[in-house]
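Report on the structure given below.
The values are calculated or read from the model by the stated rules, or taken from the named source; none is laboratory data. What you are looking at is a predicted structure, and each value in this text was computed from that prediction instead of being measured. Note that each Cβ is placed from the backbone with ideal geometry, even for glycine, and that neighbours are counted across all protein chains shown.
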Amino acid sequence: MSLYHSKYGSPRQKQKKGPLRKILIWLLVVLIVVAGGAAYYLYRVIFDPNTWTPEGKTVSITIPTASNFEDVKQILYQNGLIIHRKNFEWLAQKKKYPKMVMPGMYQIRNGMSSNELINLLRSGEQTPVNVTFNNIRDIYQLAGVIGKQIEADSASIANLLSDTTYIRAMGVKPATVTIIFIPDTYEFYWNTTAEGFIERMYKEYLKFWNGSRSNLAADMDLRVDEVVTMASIVEKETNKNDERAAIAGVYYNRLESGWRLQADPTLVYALGDFNITRVLNEHKKIDSPYNTYAHLGLPPGPICIPSIASIDAVLNYRKADYMFFCAKDDMSGYHVFAKSNRGHSQNAKKYREALNRMKIYK
């Protein structure tokens, strides 16, 4: 065998290796291309925008307690928020989201990737909602207003507030249970329960009455529920913040003097007819502990949930000798005050005549 053959192989062997090497190189190239394509496709499935919102605005969705993955899909799909459903579902399975569904309210941004959306939904990092209530008459109206803002339904809230054993732990009774609710705007998670809502409100109540307000009530020799009850009457007497303290002063003077409060709003509450615009003598005959024309002192509890402005007006009542007040005959919503019954009678006569001219008889 020649030196050439032994060192480099025969020409026939070289001919066989050439095509084989080319095939292997092409196979490798194909595999790289396929792998690259698969990686690119996978990248797009995970990171490409996959949410759409009307006009590009952020959309809020709520996922109720005990929802499963099928429920979540229905919520998203019914709102048309997902562009490629299969991509979303495939990634959700890979990230084990069906086992990690978290209830709550979530903000869906336009153009979120499937990965961003799934990370948000399974994190439980929901967006708080602003819960607002004011101008509330009783626990049933309150429950209805709150039930529209968080997941807890109105019936569950009303039932708890009617449970004497439950509310006794907060130091209140059915007639005074509304005192723990201070009208304002509060942040809650949407999936807050009825218990969670009431417990939070009780904490806010304790915070509200801790300090100067509690001291002012003590200076007036009134309990918190008595202050709130008087404030509820003031609330229904006027919507003018700049005269609430003066009206509170009249009622406090009557209370201190042992007079009957003779507050028309308490009669309306006792009658349960909130469309009454003119209290008549026949209304004053109703047999009710809320009839302040018939009974001395404050009624058993608040006739509404008063605003902070009315509560603070009572605590900072205007110190004057006025014992009477009457709506002004100019129908401005303001009142005129009097120290004597004679002066009050003259004011009341003017107001009655104004009502008669307007043909308001009841």
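Miscellaneous remarks
- Of the residues in the stretch 264-273, at least one is closer than 13 Å to A231 by Cα, at pLDDT 95 or above and buried (at least 17 other Cβ atoms within 10 Å of the Cβ).
- Residue match in the stretch 330-341 (condition: in contact with a strand residue (DSSP E or B) (Cβ under 8 Å, 6 or more places away or on another chain), surrounded by 14 or more Cβ atoms within 10 Å (Cβ to Cβ), of a type outside the set (K, R) and in a helix (DSSP H, G or I)): no
- When T192, T266 are checked against the criterion of being within 30 Å of G124 (Cβ to Cβ) and touching a helix residue (DSSP H, G or I) at 6+ places or on another chain (Cβ under 8 Å), a single residue qualifies: T192.
- Matching residues in the stretch 127-158 - criterion: being within 16 Å of T192 (Cα to Cα) and more than 15 Å from the chain's Cα centre (by Cα): A155, S156, A158
- Any hit, the stretch 217-227, residues being of a type outside the set (G, A, S) and closer than 30 Å to P128 by Cα: no
- In the stretch 134-159, the residues that are aliphatic (A, V, I, L, M) and either outside any helix (DSSP H, G or I) or surrounded by fewer than 20 Cβ atoms within 10 Å (Cβ to Cβ) (or both): I136, V145, I150, A152, A155
- Qualifying residue in the stretch 113-132 (condition: at positive phi and outside any loop (DSSP other than H, G, I, E, B)): no
- Tally, over the stretch 216-260, of residues that are aliphatic (A, V, I, L, M) and outside any helix (DSSP H, G or I): 2
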